[in-house]
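Student: Pasting a structure below so you can have a look.
The values are calculated or read from the model by the stated rules, or taken from the named source; none is laboratory data. Computed from a predicted model, the values in this text were never measured in an experiment. When we count neighbours, we look across all protein chains shown, and the Cβ atoms used for this are built from the backbone with ideal geometry, even at glycine. Accessible surface is based on the protein model in full, side chains and every heavy atom, while ligands, DNA and RNA are left aside. Shrake-Rupley method; radii C 1.70, N 1.55, O 1.52, S 1.80 Å.
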Amino acid sequence: MHDVDRLFRLYHGPLVRYLTRRLGDRDWAEEVAQETFLRALRQETIVSERAWLFAVATNLVRDEARKDARRRRHLELLVQEERAREEAEGDAGAQLASLEEAQERAREAALARRAVDALAERDRLALLMREEGLDYTEIAEALGLSVGSIGTTLARARRRLAEAYEALQRGAGRERSGNAAS
């Protein structure tokens, strides 16, 4: 048996950041991380600790995909309700400018999240794991790939992310132009 306290101190922060980026929800990320460490506690031996933890967390996220979809639908409804409420109340002057800036930042963040979500799962996970500091060997082990393919996977994922983001920006720009004209 290994020292779970040590594992927790070393890997809790990076694992939660990875999961938060993956899931878009810090509380949910904390829950998945907690379950990951509980599984580590029950594990007799762990060969590559960080890769094992990230692989288990990734598998837990896959198992929870339906819950994620329900949460997203709920959040979308809440955002729509909030927008409708704000429009009904009407804002003036500086509040309006501040709100417009906040909405623009939220649109950009939503576009970035949609671009990440549009990636194939392997590309998305590889990028998120690399962003969290995992090395090529750890990413390869967590995703079941060869170490030699990780550089290519990451390069392809970055290119596809940029392309997806740019396409979403163009689409959003046309949508805003169309809304302004009506």
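Student: Enumerate the calculated ³J(HN,Hα) couplings along the stretch 112-120 in order (Karplus 6.51 cos²θ - 1.76 cosθ + 1.60, θ = phi - 60°), each rounded to whole Hz, writing x wherever the residue is Gly or Pro.
Tutor: So the Karplus estimates, Gly and Pro as x, are 4, 5, 5, 5, 5, 5, 6, 5, 4 Hz.
Student: Let me cross-check residue 8: its accessible surface, 1.4 Å probe, with only protein heavy atoms counted, in Å² to the nearest 10?
Tutor: That residue has around 90 Å² of solvent-accessible surface.
Student: Kindly sort 47, 147, 16 by accessible area of their heavy atoms, largest first, with the probe set to 1.4 Å.
Tutor: Numbers: 47 140, 147 70, 16 0 Å².
Sorted by accessible area, descending: 47, 147, 16.
Student: Then there's this: Keeping all protein chains in place and using 1.4 angstrom, which order do 117, 123 fall into by accessible surface area, from largest down?
Tutor: On the way: 117 50, 123 5 Å².
Result, largest first: 117, 123.
Student: Restrict the search to the stretch 9-44; then list the GluC sites (Glu not before Pro) that DSSP places in a loop and that have at most 10 other Cβ atoms within 10 Å of their Cβ.
Tutor: 44
Student: Once ligands and nucleic acids are excluded and a 1.4 Å probe is used, how much of residue 21 is accessible, expressed in Å² to the nearest 10?
Tutor: Solvent-accessible area, nearest 10 Å²: 90 Å².
Student: With a 1.4 Å probe and every protein chain left in place, tell me how much accessible area residue 3 has, in Å² to the nearest 10.
Tutor: Number for this one is 70 Å².
Student: So if I take the centroid of the Cα atoms in the stretch 136-158 and the same for the stretch 1-38, what is the distance between those two points in Å?
Tutor: 21
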